[in-house]
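Chemist: Submitted below is the structure of interest, expressed as structure tokens.
The values are calculated or read from the model by the stated rules, or taken from the named source; none is laboratory data. Being a predicted model, the structure only gives us computed values, none of them experimental. Note that each Cβ is placed from the backbone with ideal geometry, even for glycine, and that neighbours are counted across all protein chains shown. Remember, those area values only see protein heavy atoms, side chains included, never the ligands or the DNA or RNA. Shrake-Rupley method; radii C 1.70, N 1.55, O 1.52, S 1.80 Å.
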Amino acid sequence: MALLVHLLAAAFGMGSWMAVNGLWVELPLIVNTLPEGWDLPSYLTVIIQLANVGPLLVTLMHKLRPGYLREAAVIYAILAIGVLACVLLAFFWRVTTVVGGAPHSTAFFIITFFLSLVDCTSSVTFLPFMSGLPAKYITTYFIGEGLSGFVPGLVALAQGVGMASCVNTTGNTTQNLTGGGEEWTLQTQYLPPNFSPEVFFSFLAAMMCVSLAAFIALKRLPRVSFDLAADSLVPELSASAPTGLDNPGLEPDGGSPLQHQTKEKNRNQPVVANSNFSVYELGFIYFLVVWVNMAANGVLPSVQTYSCMPYGNLAYHLSASLSSVANPVACIVAMFFPNRSLLFLGVLGVLGTAFGSYNMAMAALSPCPLLQSSPVGLALIVLSWVFFTGAFCYVKVMVGVILRDKSHSALVWCGAASQLGSLVGSVTMFPLVNTYKLFKSGDFCNTKCPL
């Protein structure tokens, strides 16, 4: 019985961010099909931030009408919406409409908003439900949440990416001073991947169904099953051991499962009173929260196409898929090898910033970045994205662990700072990419770059 409960908790956790993570790793295959092209990621970052209206409404309901909102009903609703949205995405992701005289992926954007609404709202509904179970199942839930990024990344790697080839095409016959003739142009054609985006989105729908089924099973299991299982499997973690999978950047209220175990007397005390850190050290911690989330959730994802696509579809595919895998791996590393030293976290933040700066520099140089035609350039951009994601993820986790041990209000401010950073990053980059066109796209076959 204990093993069953652990499996159900992990499957339930996988549904938390499966859809959004799946969209990001699938972008290399759809960015060349949808009319937004290389600007598509900048749209997604803004849409995901808009979807935070979901957790905001849930939080306000809990504050203004305590006990009025039925938690289980909300979870049933958002998981059902997630399943339906993934199914609709498989059928309608290519559908476009003309807006402002230009075609736009309206169906894709609307469905993406609802998928983001599901995942963002899960941050303030799944954990409170899990807090009603023994603490060790919350740890299993976080393992499942980590798999929500790991599994789509592995499936995307198995899917592969359509390799580009250049094909001669003939245009209309043109007249010039010397007579008529055919105009030959090179056109980029992409070979099909191992399976289509429709199959991948159907896989996401199936995984959301698994999460919904796991939640139904957890609700139907008698309470005595949890109590009996609590003593039969998986030793209890010490209260001081960090979970390593806390991600306050994804939780607008700064919540974590362990905060519900904090003594009531600590919940209302000021941050500094419960901390051994000085005001300057706390300022540095919150600066890290804002900076890391601004870069990782807003600024750099908006230009990932511009930093990777000049090296080819394979570079973008590997960067997106391996970065998705690196995120939960970094969380697991933080769980088993925690380091709370502010000096270490500061150095790691600088290192992550260096990798991010390289990614941004290559995006600014698009469509002709450094070492464009060299395998070394492809390897560097992929590794830079992976190390950037891993370093900043470790920093986010450890900062969350530090503030979790201070007070409830510290985590609340951590959640606010992370959302502020993400919002500022995405809103800042959107006009730079789409209005001012500071970043230039290219074509695999027709872009001529100096050697």
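Chemist: Step through the residues of segment 197-204 one at a time and calculate ³J(HN,Hα) from phi using the Karplus curve (6.51 cos²θ - 1.76 cosθ + 1.60, θ = phi - 60°), rounding each to whole Hz and writing x for Gly and Pro.
Modeler: Rounded to whole hertz, the list is x, 4, 5, 5, 5, 5, 4, 4.
Chemist: Still on this structure, I have one more. How high is the relative contact order of segment 27-152, in percent, counting Cα pairs under 8 Å that sit 6 or more residues apart?
Modeler: 31 percent
Chemist: Another question, then. What are the ³J(HN,Hα) values, in whole Hz, obtained from phi via the Karplus relation 6.51 cos²θ - 1.76 cosθ + 1.60 with θ = phi - 60°, for each residue of segment 213-220 in sequence order, with x given for Gly and Pro?
Modeler: Once rounded to whole Hz, the list reads 5, 5, 5, 4, 5, 4, 5, 8.
Chemist: How large a share of the accessible area of segment 325-432, in percent, is made up of carbon and sulfur atoms when the probe is 1.4 Å and the other protein chains stay in place?
Modeler: Of all accessible area on segment 325-432, carbon and sulfur atoms account for 82 percent.
Chemist: While we're looking at this one, here's another question. Just add up the charged neighbours of A213: K/R +1, D/E -1, any other residue whose Cβ is under 12 Å from the Cβ of A213.
Modeler: Overall, the nearby charge balance is +2.
Chemist: For segment 1-154, give the percent of accessible area contributed by carbon and sulfur heavy atoms, probe 1.4 Å, rounded to a whole number.
Modeler: Taking all protein chains in place, segment 1-154 shows 73 percent carbon and sulfur surface.
Chemist: If you don't mind, another one. With all protein chains present and a 1.4 Å probe, how do Y306, Y286 order by accessible area, largest first?
Modeler: Descending accessible area places them as Y286, Y306.
Chemist: With θ taken as phi - 60° and the coefficients 6.51, -1.76 and 1.60, list the Karplus ³J(HN,Hα) couplings across segment 386-393 in order, rounded to whole Hz; mark glycine and proline as x.
Modeler: 5, 5, 4, 5, x, 5, 5, 5
Chemist: When only the heavy atoms of the protein chains count and the probe is 1.4 Å, how do K448, K396 rank by accessible area, highest first?
Modeler: Sorted descending by solvent-accessible area, the residues read K448, K396.
Chemist: With the cut-off at 24 Å, tell me which of the pairs K396/K440; K136/K406; K136/K396 have Cα atoms farther apart than that.
Modeler: Pairs exceeding the cut-off: K396/K440.
Chemist: Next up: Counting every Cα pair in segment 387-443, what percent are over 18 Å apart?
Modeler: 55 percent
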